[in-house]
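The values are calculated or read from the model by the stated rules, or taken from the named source; none is laboratory data. Source: prediction; values computed, not measured. In this analysis, Cβ positions are derived from the backbone assuming ideal geometry, glycine residues included, and neighbour counts consider all displayed protein chains. Side chains included, ligands, DNA and RNA excluded: accessible areas come from the protein's heavy atoms. Shrake-Rupley method; radii C 1.70, N 1.55, O 1.52, S 1.80 Å.
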Amino acid sequence: MDRNYSNWQSLTSLALFLLPFLFIGWLFDLFWPVTALALLGLVCWHYYYQQKLIKWLWQSRTLMPPSAPGSWSYIYDGIYRSQRRSQKRRKALARLLRRFREAAEALPDAAIVFRADGALLWSNKLAQFYFGLRWPDDAGQRLSNLIRHPEFYAYLNAGNFDEELTIPSPIRESLDIEIRIMPYSEDQFLLVARDVTQVKRLENLRREFVANVSHELKTPLTVLQGYLEMMDEPQQTPPAMLKKAVENMNAQSTRMANLVDQLLTLSRMETPSNDVFDHEVDMPALLEQLESEAKRLNEVKQHKIEFDVAPVRIYGKENLLRSAMQNLITNAINYTPDGGEIKVTWKTVAGGVEFSVKDNGKGIAAEHLPRLTERFYRVEDDRNSASGGTGLGLSIVKHAIEHHNSQLDINSSLEKGSRFSFRIPSGLLVS
Ligand code: ADP
């Protein structure tokens, strides 16, 4: 309904009301008293409906206006319509707000809304989890009191939010939280925070990895460079020295080639594959090859090496299994003092079949055991030894057997010896 109460309408109704009174006043020669009486009646009538309006607006609980005649019906209806409009707008706004909150809850990030003076206006569940906020109990509290961290305090006070800030979670120290703040209305700010623990860990690993590779390559390269400089003046180098130089250069370049080979093997192994079941591996035949390789390697150290191999074949990846077993056997030979005893077994056990290498060498201190399979990790004493190791061997073993749903068990005690083993689950046995 679109009602329009024009000036013309207003004047006509006033005229229609007054005319009878004017006529009667003129007829009885009482023009002014009757006109005044009529106008007084009009004022009372308006006063009555004005009071009704005030009562409806301030006391009545209903949205429906009381009925009224003439111009007052336009006023009542007009107010009623504008109230309905603002009620609809309020509802739409509330719906919008609810949707915004639902969307903010669905975000994979923590979100906090706060005022320029630092007062908390709203936070989603993840923010409560990362920062220990309590919503709505903490509403209105200053953010710097709720997230207590000196760097965050300084960041908030500086007011320059171009760069993000990473701090440990105030309630879970192990979580690294990256914080970004964006102003989004005149005096409001949106803080978005995400868990970057994993990203930071990977970044550290990458940095460590590059540093390790560079370090491992730098040492042999420095040695090679030194010998090359010496050979630049062959007439001044005694022949015996030259022979030794060539031997050392050979050893160093073999070491670098080994390192690169092992890195390539590792990077190939990191690609997960599901085709383990495709190939049968003749483990007894493979172990026979490894036994003759071990004998060749053992010529210098003269350990007593024994192989005890059950005729069990499995499904798997031959090259990975070969790398794993070869590394364990080579380590036992290298890290056991001359004339030691090494026993290699492949035998069925409960739940599968187990490969193990046992030596009576120097053993490994307990504090090193959890880190042995990390890339480049070497026990302190062996770091500078001439074993030619790179610290990648056990990392390769770990990855190779993970492809076969297995993991490496290490038992070792100082001066007594070590036992490295892994169990291939019975699901991979060829029946
Ligand atoms: P590396 O290339 O140095 O042999 P590995 O990852 O194979 O690297 O081994 C890591 C470290 O574990 C070695 O540096 C060595 O100190 C220790 N280790 C491995 N196997 C044995 C073993 N059988 N006896 C004693 N120490 C061992």
## Note on the structure
With the charge dipole of the range 273-431 built from beta-carbon charges (+1 for Lys and Arg, -1 for Asp and Glu) about the Cα centre, the Cα from 421, 366, 309 projecting farthest to the positive end belongs to 366
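Stokes-Einstein diffusion coefficient for the range 203-271 at 25 °C in a medium of 0.890 mPa s, Rh from the Kirkwood formula over Cα pairs: what value in µm²/s?
Values: Rh = 13.9 Å.
Estimated diffusion coefficient is 177 µm²/s.
Please work out the average accessible area per residue across the range 107-195, using the 1.4 Å probe convention, and give it in Å².
Value returned for the range 107-195: 55 Å² of accessible area per residue.
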## Note on the structure
Along the dipole axis of the range 203-271 (charges at Cβ: +1 for Lys and Arg, -1 for Asp and Glu; origin at the Cα centre), the most positive-end residue among 259, 269, 230 is 269
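Which value in deg cm²/dmol, rounded to the nearest 500, describes the helix-derived mean residue ellipticity at 222 nm for the chain, given -39,500 (n - 2.57) per DSSP H run of n ≥ 4 and division by the residue count? Intermediate values should be presented prior to the final figure.
Working: 12 runs with 219 residues, N = 431.
Helix contribution divided over all residues of the chain: -17000 deg cm²/dmol.
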### Message
How far apart, in nanometres, would the label points at residue 275 and residue 411 be if each is projected 7 angstrom from Cα along the Cα-to-Cβ direction?
### Response
3.7
### Task
Express the carbon and sulfur contribution to the solvent-accessible surface of the chain as a percent, rounded to the nearest whole number, probe 1.4 angstrom.
55
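Note down the Stokes-Einstein diffusion coefficient of the chain in µm²/s, whole number, using a Kirkwood radius over alpha carbon pairs, 25 °C, and 0.890 mPa s. Could you put the intermediate results ahead of the total?
Numbers: Rh = 31.1 Å.
This corresponds to a translational diffusion coefficient of 79 µm²/s.
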### Karplus-derived 3J(HN,Hα), 6.51/-1.76/1.60, for each residue of the range 403-416, Hz, glycine and proline x
5, 10, 6, 9, 9, 7, 9, 10, 10, 7, 9, 4, 6, 9
### Task
List the relative contact order of the range 312-426 as a percent without decimals, with contacts defined as Cα pairs under 8 Å and 6+ residues apart.
32
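Heavy atoms only, probe 1.4 angstrom, no DNA, RNA or ligands counted: give me 82, 123 ranked by accessible area, highest first. Don't skip to the answer; put the middle values down first.
Details: 82 55, 123 0 Å².
From most accessible down to least: 82, 123.
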#### Entry: Alpha carbon Rg of the range 107-195, scaled by the compact-globule rule 2.2 N^0.38 Å
0.96
### Task
Work out Dmax and Rg for the range 7-89 from the C-alpha atoms and quote the Rg first, both in angstrom.
17.1, 58
### Message
Ordering 223, 196 by accessible area with a probe of 1.4 Å, largest first, what comes out?
### Response
223, 196
### Query
Looking only at GluC sites (Glu not before Pro) in DSSP loops with at most 10 other Cβ atoms within 10 Å, what is the longest site-free stretch of the chain?
1-162
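Nearest 20 debye, what's the magnitude of the dipole of the chain about its Cα centre given +1 on Lys and Arg Cβ and -1 on Asp and Glu Cβ?
Working: 51 positive and 51 negative charges, 547 e Å.
Charge dipole of the chain: 2620 debye, to the nearest 20.
Size of the dipole of the range 273-431 about the Cα centre, Lys and Arg at +1 and Asp and Glu at -1 on the beta carbon, nothing else charged, in debye to 20?
Values: 19 positive and 23 negative charges, 45 e Å.
Dipole about the Cα centre, nearest 20: 220 debye.
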## Note on the structure
Here D for the range 273-431, in µm²/s, from Stokes-Einstein with a Kirkwood Rh over Cα pairs at 25 °C and 0.890 mPa s, works out to 154
